[in-house]
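Enquirer: Pasting a structure below so you can have a look.
Please treat every number below as a calculation from the coordinates, not as lab data. All of these numbers come straight from a predicted model, not from anything done at the bench. As a convention, Cβ positions derive from the backbone with ideal geometry for all residues, glycine included, and neighbour counts pool all protein chains shown.
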Amino acid sequence: MSQILEWFTVPFEQEFMRRALQEITLLALVSGVVGTFVVLKGIAFIVDALSHAILPGIALAYLFGFSLLTGALVAGVVVALAISAVARSGQVSEDSAIGIFFTGAFSLGVILISKTVSRSLSDILFGQIFGVSEGDLWTTLLIGGGMVLVVLALRKELLLSAFDSQQARAMGLPVVGLNILLYVLVALTVVISLPAVGNILVLSLLITPAATARLLTERFYRLIGLAISCALLTGIGGLYLSYHAGWAGGASIVMLSTLLFLLVLALSPRHGLVGYWRNRFYPGRTTPGNPSQGGS
Amino acid sequence: MLDFLITPLQAPFVHQALAEIAVLSVIVGVIGVYVVLRGLSFLSLALSHAIFPAVVIAYITGLNYLAVSLVAGVIVSVLIGLVSRNRQIGNEAAIGSVYTGVFALGIVLISAAKSNRRLSEILFGRLFGVGWDDVLTSIVVGVVVLLIMAAIRKEFLLNSFDRNFSRAVGLPATGLDLLFFALMAVTVIVSLPAVGNIQIIALLVTPPATARLLTDRLKRLTILSVLIALVGGVAGVYLAYHLDLVPGATVVVVLTILFLLALFFSPRNGLLTSRLQRHKLSDNLEQATSQVIVK
């Protein structure tokens, strides 16, 4: 018994593990809130593209000694503008425009970093959750806290524009402005997650918990609550796993997160495979969330 | 200038890199046209990341890379297919959730195996480390892929432009989709060791999108996209050799520059050229009206 207890308590006797835990808790809160909107709007690809595209900004920030935050934000904004300008010109589809610009920017970043920055590329790409510093924690707390406050203040506007942008526009909401706000929030989430999980795996932090939660509920506040809980659960589980097994920290969290998603997908009573088969083979019963499938 | 072209050729690894990139250009140029026409960039990104653990397993265990990655590709495609059927979460979120997890599995494997092969080498490919046997594999796979494409190009084309019509004439739309995904997966698999995860998306998407700015005809589109991939690939190899850069990333940067050039200066509908033409047009119009008024 005591051995089992030790398995849980021993890791957090270390300073670096406590910091990792604090960081992952903060990130779970922020990415749960922001990620819910990303999943509702279905913009995973552009989020993925943005998180890759900030790499040259990070490289330049290292090179010239200005803050990573500024570099990443500027690079993110430039690439986002380039994508939307090209997609709007109608010559190339948005999907292709995203593919072209993010790979181009990412490759430029790889070249810049491999030529100039002494820090290893894989630290930047995958983060070092066990190397999170006191300063990183404060950055996450301040920026993340500010972001959550902004989202809470504008939750109704953001939600309406995520679900039905036509309606939102008809009601006089600044839909374009709200979209830009969401992208800025995503970019900020990517930047504050950088030291812990790096810029490739952050996509998972943003979408997987929210997608898992989406399988379990239809209510907005529950969705956010569940997304945060999923992120916390897999975050802490991942820390234990990587501490005891010696695996890469960020990647362990992401792997657990996807496992949880697949598990929920299989077992969810409303929208999971079990529910689907039940509807299919016992067509008399309708599930509350999915009345349309009941009769067929 | 001549030195710039000839010096690299004295190193045998450059021969292999050039041969490999030339063979790959032909395959990705052809397949990429359909990736762009059907808007499958995100799916190709997901595939290339999801096959990543297979690359790692092959490196660590010394198993045959093609075999391992084919198995991985099939598993992931089925998984994504199953998950995207769920209408509750969007297609994008489903693809994203699955592929990041499988990719993370690859990273965990590397960290668990304490492999001394550098992660970045696997991530960004080793264009300067391919051997003649890799080139041979690419040729064989390429020939098979191109033969299949040539045999059923009309069905593919119809299916990617107008699914309803193609279904109405009795084409097996789902079967054709699956076949195309399989060809795309095979293309990603043969290119991965040389160019790496992210760069393969650029190889698939950027050349055909550039060609699309220059022509509307499918045949020309395919030929141009192969040529653009080839020019970008060869130029990238030379630049990477002379400036000592990461070769895969250099190829992508060159391709992106070619795209931007075409975007601004395409004779048909480049952003700058069309603006100039509009300028000329309005000048002419002004002249004409002023002449009319004078008269």
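Enquirer: With just the Cα atoms defining each centre, how far is the stretch A:2-16 from the stretch B:153-204? Give it in Å.
Expert: 50
Enquirer: What is the Cα radius of gyration of chain A over 2.2 N^0.38 Å, N being its residue count?
Expert: Scaled against compact globular proteins, the figure is 1.07.
Enquirer: Now a separate question. Out of the stretch B:105-145, which trypsin sites (Lys or Arg not before Pro) are coil in DSSP terms and have no more than 14 other C-beta atoms within 10 Å?
Expert: Answer in residue order: B:Lys114, B:Arg117, B:Arg118.
Enquirer: Sticking with this structure for a sec: Run the dipole for chain A about the Cα centre, Lys and Arg Cβ at +1, Asp and Glu Cβ at -1, nothing else charged, and hand back the magnitude in debye, nearest 20.
Expert: In debye, rounded to 20, chain A gives about 880.
Enquirer: While we're looking at this one, here's another question. Using +1 on the beta carbon of Lys and Arg, -1 on that of Asp and Glu, and nothing else charged, what's the dipole of the protein assembly as shown about the Cα centre, debye to 20?
Expert: Values: 36 positive and 26 negative charges, 341 e Å.
Roughly 1640 debye, rounded to the nearest 20.
Enquirer: While we're on this one: From zero outward in steps of 10 Å, how is the percent of C-alpha pairs of the stretch A:47-189 spread across the bins?
Expert: Reading upward from the zero bin: 11, 33, 34, 18, 4, 0.
Enquirer: Net charge near B:Asp177: determine it from the other residues with C-beta under 12 Å of the C-beta of B:Asp177, scoring Lys and Arg +1 and Asp and Glu -1.
Expert: +2
Enquirer: Between A:Ala170, A:Ala210, A:Ala28, find the one with the highest GNM mean-square fluctuation for chain A; connect C-alpha pairs within less than 10 Å.
Expert: Its mean-square fluctuation being the largest, the pick is A:Ala170.
Enquirer: A follow-up question, please. What does the charge count around A:Asp95 come to, taking other residues whose C-beta lies under 15 Å from its C-beta (Lys +1, Arg +1, Asp -1, Glu -1)?
Expert: In short, 0.
Enquirer: Here's another thing I want to ask about it. Put +1 on the Cβ of each Lys and Arg and -1 on the Cβ of each Asp and Glu in chain B; which of B:Val143, B:Leu178, B:Ala235 then has its Cα farthest toward the positive end of the dipole?
Expert: B:Leu178
Enquirer: For chain B, list the DSSP H helices whose alpha carbon atoms reach 18 Å or more along the long axis and whose average Kyte-Doolittle value is 0.0 or above?
Expert: B:12-38, B:65-84, B:91-113, B:132-151, B:173-195, B:197-214, B:218-243, B:247-265
Enquirer: Along the positive direction of the dipole of chain B (beta-carbon charges: Lys, Arg +1; Asp, Glu -1; about the Cα centre), which of B:Leu158, B:Val226, B:Pro12 reaches farthest?
Expert: Checking the options against the dipole of chain B, the answer is B:Leu158.
Enquirer: Moving on. Quick one: if the Förster radius is 51 Å, what FRET efficiency do B:Asp3 and B:Phe265 give, using the C-beta to C-beta distance and rounding to 0.05? If you can, show how the numbers build up before the last one.
Expert: Values: r = 30 Å, r/R0 = 0.58.
Here the calculated transfer efficiency is 0.95.
Enquirer: Which of B:Pro247, B:Pro53, B:Pro172 ends up with the largest GNM mean-square fluctuation for chain B, with Cα atoms connected below 10 Å?
Expert: B:Pro172
Enquirer: Continuing with the same structure: Across every pair of different alpha-carbon atoms, what Kirkwood hydrodynamic radius in Å does chain B reach?
Expert: The answer is 20.8 Å.
Enquirer: May I pose another question? How much mean residue ellipticity at 222 nm does chain A get from its helices, if each DSSP H run of length 4 or more adds -39500 (n - 2.57) and you divide by all residues, to the nearest 500 deg cm²/dmol?
Expert: -26000 deg cm²/dmol
Enquirer: Now for a different question. Return the sequence-ordered ³J(HN,Hα) values of the stretch A:222-234 in whole Hz as given by the Karplus equation 6.51 cos²θ - 1.76 cosθ + 1.60 applied to θ = phi - 60°, using x for Gly and Pro.
Expert: Along the stretch A:222-234, the couplings run 4, 4, 4, x, 5, 4, 4, 4, 4, 4, 5, 4, 6 Hz.
Enquirer: Follow-up. Compute, for the stretch A:9-116, the length of the dipole vector about the Cα centre, with Cβ point charges of +1 (Lys, Arg) and -1 (Asp, Glu) only. Units Debye, rounded to 20.
Expert: Dipole of the stretch A:9-116, to the nearest 20 debye: 180 debye.
Enquirer: Where Lys and Arg each count +1 and Asp and Glu each count -1, what net charge lies around B:Ser160 among other residues with Cβ under 10 Å from its Cβ?
Expert: -1
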